[in-house]
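All of the numbers you see were taken from the coordinates with simple rules; none came from a lab. From a predicted model like this one, the values you see are computed outputs, not experimental measurements. Cβ sites come from the backbone with ideal geometry, for glycine too, and all protein chains shown count toward neighbours.
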Amino acid sequence: MVVTTQGLIRIIPDFPSPGIIFKDITPLLADKEVFAQCCKEIASLAQECDYIAGIEARGFIFAAAAAVMGNKGFIPIRKLGKLPGETISKSYELEYATATLEIHANLIPQGKRVLVVDDVLATGGTALAAVELIIAANLTPTGVVCLLDIPALGGKSRINEAHPDLQIQTLLAE
Ligand code: AMP
């Protein structure tokens, strides 16, 4: 199922830096029906999973709500230095910088199935790093769900080059 946004994604040019066309999800979050519909859809895509992982920060919003709705555990994938326990890290290239994501090591029993959730799929570097962290933590990624994709940036193919069998799904149609 595709959720219809009725213009609930605002386009903000040149944020946070020149040349970026930012997709602002805050109008969607403020719409209780569409927000709930998105989280329900993620929960239904996670039926075969044990956990839903959210990528900091906006991925947390959807992943945590979907985890509660779908009766799943929630796994935070956080930016560098935010998790207090032993972590596994993965660095990846952004356009003009390097970013690092982390997951807690030895927290979730080996082999559990995990759906990765974020708001926007752009170049795919962030979601790919999250998938690789799930694998490095001895867990099984079952797929990636993002609210929306920016197809021109090639995120889906970047992830599928590395993990051809991984399902990458997008929820929104405007
Ligand atoms: P990427 O690694 O290039 O796929 O970027 C995806 C991550 O950066 C997600 O966590 C998004 O929240 C954020 N992001 C990247 N580009 C945009 C954009 N144009 N609008 C909103 N968020 C974005």
In debye, nearest 20, what is the charge dipole magnitude of the chain about its Cα centre with +1 on Lys and Arg Cβ and -1 on Asp and Glu Cβ, if you could check? 320 debye
Considering only G125, N160, Q6, whose Cα is most displaced toward the positive end of the charge dipole of region 3-173, charges sitting on Cβ of Lys, Arg (+1) and Asp, Glu (-1)? Q6
Within 10 Å of each residue's Cβ, count the other Cβ atoms and sort T4, T170 from fewest upward. T4, T170
Can you check what the net charge comes to around D50, using other residues whose Cβ is under 10 Å from the Cβ of D50 (Lys, Arg +1; Asp, Glu -1)? +2
Within region 67-123, list the trypsin sites (Lys or Arg not before Pro) lying in a DSSP loop whose Cβ has at most 13 other Cβ atoms in a 10 Å radius. K82
Separation in nanometres of the label points that stand 7 Å from Cα toward Cβ, at K82 and Q167: 2.7 nm
Quick one: putting +1 on the C-beta of Lys and Arg, -1 on the C-beta of Asp and Glu, what dipole do you get for region 4-46 around its Cα centre, in Debye to the nearest 20? 60 debye
Could you identify which residue out of P141, P109, P76 has the top mean-square fluctuation in a GNM of the chain using Cα springs shorter than 10 Å? P109
Find which of G73, S44, T100 sits farthest along the positive direction of the dipole of the chain, computed with +1 on the beta-carbon of Lys and Arg, -1 on that of Asp and Glu, about the Cα centre. G73
